[in-house]
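Below is one structure, written out as structure tokens, with a few remarks after it.
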Amino acid sequence: MDERPVLAEMPKVGKSLDRRTARDLIAEKIVVLIATNMLRAGDELPGERELANVMHVSRETVRGAIQQLAARGILEVAQGSRTRVNNVDLGDMTVTIASSSAIDSYDLESVHAARRLIELSIVGDAAERIDAATLGKLDDLLEAHRLAVNDSMRFLICDREFHVAIYRACRNPLLSDFVTDLYTYMMDFRRSAMSQPGAIAASYRDHVEIVEGLKRRDRVAVVAAFDKHLSRIYETTKELLARQDAPARA
């Protein structure tokens with residue numbers, strides 16, 4: 001599989017990509033999943049083939065990235081068993097512009113309002129500028145979504161790739177980095193929310209509707225579908241936060 005498109009789609013974030021390999025970039029993606037609590041200590045990583053399909057690289061690239069992170073103590077690789085996440089604290093790591101802990105310091109209402117203001121504009125621009133290669137990637141991710149219907153962790157790995165691919169299609173790297181930071185908000189709660197019955201299926205339906213709008217280059221339809229999707233994320237996160245606060249008020 002050609003690994004060059006991976007280099008082209010990663011944000012520069014003020015850094016040169018000249019000496020960064022595809023393996024380095026995949027390692028960075030896995031670290032981001034851990035830093036944002038999408039992957040937790042003790043979690044088993046999906047298999048190399050599955051990660052390669054989701055991230056659009058070869059299995060050899062994924063294997064090299066895993067070995068790199070194992071050497072840093074972030075992952076644990078054992079013969080005959082799945083690779084696991086070690087107990088490491090990456091909460092203060094900068095994901096794109098801000099760390100996930102910085103984003104999580106804001107209240108839900110503020111983040112939701114910011115996402116609606118910024119993200120809906122970005123995905124509207126993406127609807128007008130998206131290319132065939134990105135649409136093909138989104139189709140592949142939808143299939144990966146469908147196969148992950150009973151696994152919230154695997155679904156969210158696909159979900160992040162799905163959202164970030166659309167953000168980058170707006171062709172403004174600063175805006176796409178900023179909204180990616182907003183996407184990471186309360187990811188620990190998102191994982192819990194996606195484990196609820198029917199949550200993955202509902203999100204999958206939202207994603208299908210979004211891709212259909214993108215294929216038609218229909219800005220109005222894409223913005224409407226994303227707005228519905230953001231409202232679903234807001235309501236489920238709000239519900240989980242309320243449950244967490246209930247014992248304290250009792």
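Taken over segment 58-74, residues that are surrounded by 15 or more Cβ atoms within 10 Å (Cβ to Cβ), without any contact (Cβ under 8 Å) to a residue 40 or more places away in the chain and assigned to a loop (DSSP other than H, G, I, E, B) amount to 0. For segment 21-57, give me the residue count where each residue is in contact (Cβ under 8 Å) with a residue 24 or more places away in the chain, surrounded by fewer than 18 Cβ atoms within 10 Å (Cβ to Cβ) and under 17 Å from Lys137 (Cα atoms). Qualifying residue count, segment 21-57: 0.
Within segment 75-94, the residues that satisfy the criterion of being of a type outside the set (Gly, Ala, Ser), part of a loop (DSSP other than H, G, I, E, B) and farther than 22 Å from Gly64 by Cβ are Asn87, Asp89, Asp92. Taking the stated definitions as given, is Phe162 under 13 Å from His56 (Cβ atoms) and of a type in the set (Phe, Trp, Tyr)? For Phe162, the condition - under 13 Å from His56 (Cβ atoms) and of a type in the set (Phe, Trp, Tyr) - is met. Residues in segment 157-190 that are within 21 Å of Asn53 (Cα to Cα) and either more than 14 Å from the chain's Cα centre (by Cα) or among the basic types (Lys, Arg) (or both) were compared, and the one that is surrounded by the most Cβ atoms within 10 Å (Cβ to Cβ) is Ala169.
Would you confirm, using the coordinates I've provided, whether Val95 is without any contact (Cβ under 8 Å) to a residue 24 or more places away in the chain and surrounded by 21 or more Cβ atoms within 10 Å (Cβ to Cβ)? Here the answer is no, as Val95 does not meet what is asked.
Gly80: free of Cβ contacts under 8 Å to residues at least 24 places away in the same chain, outside the structural domain of Met153 (by TED's automatic domain parsing) and more than 22 Å from Phe226 (Cβ to Cβ), yes or no? Answer is yes for this residue. Residue check: is Asp131 loosely packed, with under 14 Cβ neighbours inside 10 Å and in contact with a helix residue (DSSP H, G or I) (Cβ under 8 Å, 6 or more places away or on another chain)? So Asp131 fails the test. Among the residues of segment 41-57, those that are modelled with pLDDT of 90 or more and not in a helix (DSSP H, G or I) comprise Ala41, Gly42, Asp43, Glu44, Leu45, Pro46, Gly47, Val57.
Among Arg160, Arg191, Arg168, which is the only one that is farther than 21 Å from Gly91 by Cβ and basic (Lys, Arg)? Don't jump to the end; show me each part of the working.
Working: Arg160 fails: farther than 21 Å from Gly91 by Cβ; Arg191 fails: farther than 21 Å from Gly91 by Cβ.
Unique residue meeting the criteria: Arg168.
Of the residues making up segment 114-128, those that are of a type outside the set (Val, Ile, Thr) and buried (at least 23 other Cβ atoms within 10 Å of the Cβ) are Glu119, Ala126, Ala127.
The values are calculated or read from the model by the stated rules, or taken from the named source; none is laboratory data. Please read all numbers here as calculations on a predicted model, not as lab measurements. Cβ coordinates were reconstructed from backbone atoms using ideal geometry, including for glycine residues, and neighbour counts include every protein chain displayed.
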